[in-house]
Structures are given as structure tokens and as C-alpha cells.
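S.K.: Take a look at the following structure, please.
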Amino acid sequence: MAKQIEVSDLDAYYGSHKAIEGITMTVEPRSVTAFIGPSGCGKSTFLRTLNRMHEVIPGARVQGKIMLEDQDLYDKDVDPVSVRRTVGMVFQRPNPFPTMSIFDNVAAGLRLNGRISKSEAQGIVETSLKDANLWNEVKDRLNKPGSGLSGGQQQRLCIARAIAVSPAVLLMDEPCSALDPISTLAIEDLIAKLKNDYTIVIVTHNMQQAARVSDRTAFFNLAGQGQPGKLVEMDETSKIFTNPTQKATEDYITGRFG
Amino acid sequence: MTMSPSVITPVSFNRRLKNRVVQGLVWLAFILAVIPLISVIWLVVKNGLARFDTEFLTHSMRNIGARDAGGGAYHAILGTLEQVGLATLISVPVGLLTAIYLVEYGQGRRLARSISFFVDVMTGIPSVVAGLFILAFWVLVLGLGYSGFAGALALSILMMPTVVRSTEEMLRLVPNELREASYALGVPKWKTILRIVLPTAFTGIITGIMLAIARVAGETAPLLLTVFITDSINTDPFTGPQMGLPLYIFDQMGRPNDTAIDRAWAGALTLILFVMLLNLAARIIAWWRSPAKGR
Ligand SMILES: Nc1ncnc2c1ncn2[C@@H]1O[C@H](COP(=O)(O)OP(=O)(O)O)[C@@H](O)[C@H]1O
Ligand SMILES: [Mg+2]
């Protein structure tokens, strides 16, 4: 079940270094939201605050408020582990578990989070792999190690692993940057399909990709070296790419900097 | 930058020559390193085979007169298995948990830094000192007497830092991305360590443990001070002196008769075989658990 995210006045720190500042935005359910901006402006940092992965890094902390529908993610009674079950994540580099087979990789989230029956696992693994457009390629070798797949297949395996625990939101941090164009297209098709069921947030360095897959786009920027990154503007993707309100956004998407 | 026009030239004579010379040196170094190893094995096998028989493996030295042939190392093999086994039981859990704390939870905390420092100090303890410590503390102050267990305690002092260091190294090799992938699935940290990190590092950890066992299996000095020496079978590692293979070799070598010297060589052969079996076991486990095998 897709959910809406509402962020208000969010700052994130690494130790004493403030990486992002004053971010306020709404991420709509059943849609794809793209984050764009130059390197180091805090896109990954912000993405990781959305499922409380930011605080995994020693010394990292967050100030501000994030509401997932009516749940305050940073309420002190909230268990970060349960937040991550609801808000899944796909990383820049495909990272299947090397000791596990393809099947076990997809079933990992379910198995590690509690006992499930073999037949139940089989059903979920099959639907997840089908949803990740990978089933036909791997159905005959489910017991082979996941690390034997190609980069693009591995990334789709990681997506299958993430959706197998049926999260409400799926965060993707440059999921295609390590992939070839064909695999990238496969993932983009997949994103278009998944947005019917999930709230999807994707960080990308590729403008065309943002234009192709997203419904709304947020542009991040930093004022200067050592300054915290900020949200410059956020709007319908078509508006951002044809008629942005801010000069910085226009400069960035037309390739004048970044 | 001045560069000659780009012409593709064959490898110059000079480079070929240098390549040859360095290759030769590398081979020479390799041969120099292997000579002692081969000659030790050859000598031990040649001298050890004379008495490496069923009697040797199944009999103790009880009632064997000073000049008698016969007798065996059964009591020593048994003792070594028990002492090393107990030392492993003590040092592996402690070492493993210490390494997990250092890598997964310590993260530059003062406690982690001081533990790390003491592990380094422990690595440098001479084995005699470990034996002396157990002799003074366990045998004399607590008055618990010589026993296989006292020897196991001394051996575990020597094993622990090795286990900690090798496990630590293996855990650090596990990419952080795997931990993050697991957290992102909503898996708690302890379960991530147990089900993702440890299995990924498993083969390396096992190899490290086997090497640590092999290291202490041949220790003589600490056993001399804690286990003492006996000619009879003592199956109970908790009471009374025991024997061990290194002690057996030491004891037999010290006797004046050729029959004893032969037994010492056979004991050395047994010890080397024991260590080799351990290494083999480590390799089999590594192969069996290797993901590349594609179960
Ligand atoms: N693990 C970390 N420790 C300390 N600083 C970090 C860490 N990760 C990122 N940063 C800093 O936070 C800022 C934002 O980085 P990041 O979120 O990775 O940007 P982006 O994903 O937009 O390229 C950068 O200045 C970076 O140096
Ligand atoms: Mg990034």
C-alpha cells in the first residue's frame, strides 16, 4: 500500500557537519519522485533520512519532522527497524547477499524478519521476481548464487528483494548508474510498473532518466563549498524541465553547471 | 611534456633483460623459502616412519623399561586432543565475541581502543610466560595442581589474540553495503551480524581459527609448566598430570636410547600430521561453504 511522505524543516548532520538544511516537501503516493542536483548536494543523505538509514552512520543525526501518512518517523517511540520494513531501499551498486542463492536473496527479508512457511516463501519469491521483471531469466536457476547474475539482473534481484517485504515506499539511490543502457531501460520500465503500487523516490544524475520516469522532480543545490545542501524547487517534472521558476534549476538542467 | 611521436615499438632488450633477472630472483627466493620446509618434512617422515605403527598409536609408555623398544604415544595424542580442544572451546567464543564487538559495535570508542591495545599486548606474550602465569595462578595460588585443563588455559591465552585478530580482519572485509542492504530490509543489527555478516566471513574465520589451533598444538613450554609429564594414560583433563605430543617429543628426545629417539621422531610425525589434518579440514569446510560452488 503506497503512502504519502511529508517532510518539514529537515536538517541532517554528519557529526558537526550539516549536510542538508531546511528541507520541506511532500512526496505523493503512487507516483515517482526524482531528486536531481550536483554531486555532494545531499540527495543521498536526504534519501537516507526517509527510512532512518542516515543514523546508521556513527555520529550522524537528523533534526526535523517526517510524516509517513499519520506516523511521525522520528517520534522517539518509533523503532527505526520497523520504519525500514515500511520504507525499502535500493542502492547504487547492486548488493545481493553473496552467501545466498537467488531464491534466498529474495526471501531474505521475510526469513530474517520472522518464520514463514516454505510454500508461502515460494509464492512471495515468485511474485516479487515477476514484479521485478526477472522471473523468466532466473526461474530455472533459483538455487544458484545471486552473485552469478549480470549487473542489471543483480540490481533487479535487489529490487525484488526490497519489494518482497511489501514496503509502502521504495527509495532508489542512483539505481542505474552502474548499469549498461539496456539494463537501465529494463529498470526504468520496472519503475513505471511499480509506481502503481508503491511510492517511489529515485535519485538520478541522468536528466533524461528523470524526465522519462518521474512525475515530480526536486532540484537540490548547495550555496557553496562546505555549505549545507538545500531544496531549490520541486514541481511537476514537465514544469521543471520546460519552465523552472529558479535560475539555478534552469542552469543545471540545461547543463550550464553541475 | 615532450613526447616522441607515437610509434608502437617492440619491448626493448633492456626491459626483457630486467624482466628475466627479476623473475630469476623471485624463483630463487621461493626456492630458498621452500628448502627448509621440504627438508624438515623429509627428515621427520624418514625418521618417524620407523616407529609410526599401530602399537605407537594405541599404547602409552606405561611399564616400558628404559631400554625397551615398543610403547607409544596414545596418552600424548589423547592429551593433545583434550588440551587443544578445551583451549579452542575457551578461546574461540571469547575471541569471536571480542572481534564482533571491536568491528560491529566499538567504532572508535575508548573501550574498543583499549581492548585492541590489550589484544596487541597479548599477541606479544611469550608462550613460557603464559605457562608461568597459569602455573603461578592456577596451580600454585589456587592449588588446583597440574592438569590438562591448566594447560588448556595457558594455550587459550596464546590462542585468543590470534583468533581476535584474524576474525577482526575477516569481519572488516565484509562490505558495509551488505550490512546496509540488510538494515534496509528492516533486519535488526544483531540479526544482521548473525545471519549476514558472520556467514559471509565464515570461511575466513574458520581458516583463522584452524591456524590458531595449529599454532598452539606444538607449544611445549607452557604445557611443561602446567600439564607436566606422565607415561600413563590420563583421560581426565581436569585432574592430574597429562601428556601431550610436544611434551612426548621433548621427553623422548631427552632419553639416551635409540628406541626413545625413534619414538620422538614418530611423535613429531604424528604432530605434523595432526596439524596438516586441521588445515585440510579448514580447506574442506571452506570449499563446502563457498558460494561459488553454486549449491
Ligand atoms: N558517511 C559520511 N560521513 C561524513 N560526511 C558525509 C558522509 N556521506 C556524505 N557526506 C557529506 O554529506 C554531503 C552530501 O553528500 P551526499 O548526500 O552523498 O550527496 P549526493 O548524494 O547528492 O552526491 C557531502 O558534503 C558529503 O561529503
Ligand atoms: Mg549520492
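The values are calculated or read from the model by the stated rules, or taken from the named source; none is laboratory data. As the structure is a prediction and not an experimental result, all values here were calculated from the model. Every residue, glycine as well, gets a Cβ built from its backbone with ideal geometry; the counts of neighbours run over all protein chains shown. Surface accessibility is based on the protein's heavy atoms, side chains included, excluding ligands, DNA and RNA. Shrake-Rupley method; radii C 1.70, N 1.55, O 1.52, S 1.80 Å.
S.K.: Just give me the residues in the range A:164-207 being open to solvent by less than 10 Å² (accessible area, probe 1.4 Å), away from ligand 1 (no atom under 16 Å from the Cβ) and either within 14 Å of chain B (Cβ to nearest Cβ) or assigned to a loop (DSSP other than H, G, I, E, B) (or both), in sequence order.
M.R.: Scanning the range A:164-207 gives A:A164, A:P167, A:A168, A:V169, A:L170.
S.K.: Just give me the residues in the range A:123-149 being without any contact (Cβ under 8 Å) to a residue 60 or more places away in the chain, more than 14 Å from chain B (Cβ to nearest Cβ) and not in a helix (DSSP H, G or I), in sequence order.
M.R.: Result: A:A132, A:L134, A:K139.
S.K.: Search the range B:117-145 for residues that are over 15 Å from B:M159 (Cβ atoms) and in contact (Cβ under 8 Å) with a residue 12 or more places away in the chain and pair each with any residue that is hydrophobic (A, V, I, L, M, F, W, C) and open to solvent by 60 Å² or more (accessible area, probe 1.4 Å) when their beta-carbon atoms are under 7 Å apart and the residues are at least 6 apart or on different chains.
M.R.: As it stands, the answer is B:W138/B:L144, since those pairs meet every condition given.
S.K.: May I pose another question? I'd like to verify a number: residues in the range A:29-57 that are touching a Gly at 6+ places or on another chain (Cβ under 9 Å) and either charged (D, E, K, R) or within 9 Å of ligand 1 (Cβ to nearest atom) (or both), how many?
M.R.: Qualifying residue count, the range A:29-57: 9.
S.K.: May I pose another question? Output the residues belonging to the range A:44-68 that are in contact with a strand residue (DSSP E or B) (Cβ under 6 Å, 6 or more places away or on another chain), within 13 Å of ligand 2 (Cβ to nearest atom) and open to solvent by 10 Å² or more (accessible area, probe 1.4 Å).
M.R.: A:S44, A:T45, listed by residue number.
S.K.: Within the bounds of the range A:61-77, is there any residue that is within 14 Å of chain B (Cβ to nearest Cβ) and either within 16 Å of ligand 1 (Cβ to nearest atom) or without any contact (Cβ under 8 Å) to a residue 24 or more places away in the chain (or both)?
M.R.: Yes, some residue in the range A:61-77 is within 14 Å of chain B (Cβ to nearest Cβ) and either within 16 Å of ligand 1 (Cβ to nearest atom) or without any contact (Cβ under 8 Å) to a residue 24 or more places away in the chain (or both).
S.K.: Please determine whether any residue of the range A:43-60 is at pLDDT below 95, hydrophobic (A, V, I, L, M, F, W, C), assigned to a helix (DSSP H, G or I) and farther than 26 Å from A:S183 by Cβ.
M.R.: Checked against the condition, which is being at pLDDT below 95, hydrophobic (A, V, I, L, M, F, W, C), assigned to a helix (DSSP H, G or I) and farther than 26 Å from A:S183 by Cβ, the range A:43-60 yields at least one hit.
For (1) of a type in the set (G, A, S); (2) more than 14 Å from chain A (Cβ to nearest Cβ), each residue gets a yes or a no:
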| position | (1), (2) |
| --- | --- |
| B:M122 | no, yes |
| B:P126 | no, yes |
| B:I134 | no, yes |
| B:G145 | yes, yes |
| B:S166 | yes, yes |
| B:E180 | no, no |
| B:I193 | no, no |
| B:I196 | no, no |
| B:T203 | no, no |
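S.K.: Among the residues of the range A:1-42, write down those that are out of contact with any strand residue (DSSP E or B) (no Cβ under 8 Å at 6 or more places or on another chain) and either in a strand (DSSP E or B) or within 16 Å of ligand 2 (Cβ to nearest atom) (or both).
M.R.: Of everything in the range A:1-42, those that are out of contact with any strand residue (DSSP E or B) (no Cβ under 8 Å at 6 or more places or on another chain) and either in a strand (DSSP E or B) or within 16 Å of ligand 2 (Cβ to nearest atom) (or both) turn out to be A:H17, A:S39.
S.K.: Has the range A:189-202 got any residue that is in contact with a strand residue (DSSP E or B) (Cβ under 9 Å, 6 or more places away or on another chain), within 16 Å of ligand 2 (Cβ to nearest atom) and at pLDDT 95 or above?
M.R.: yes
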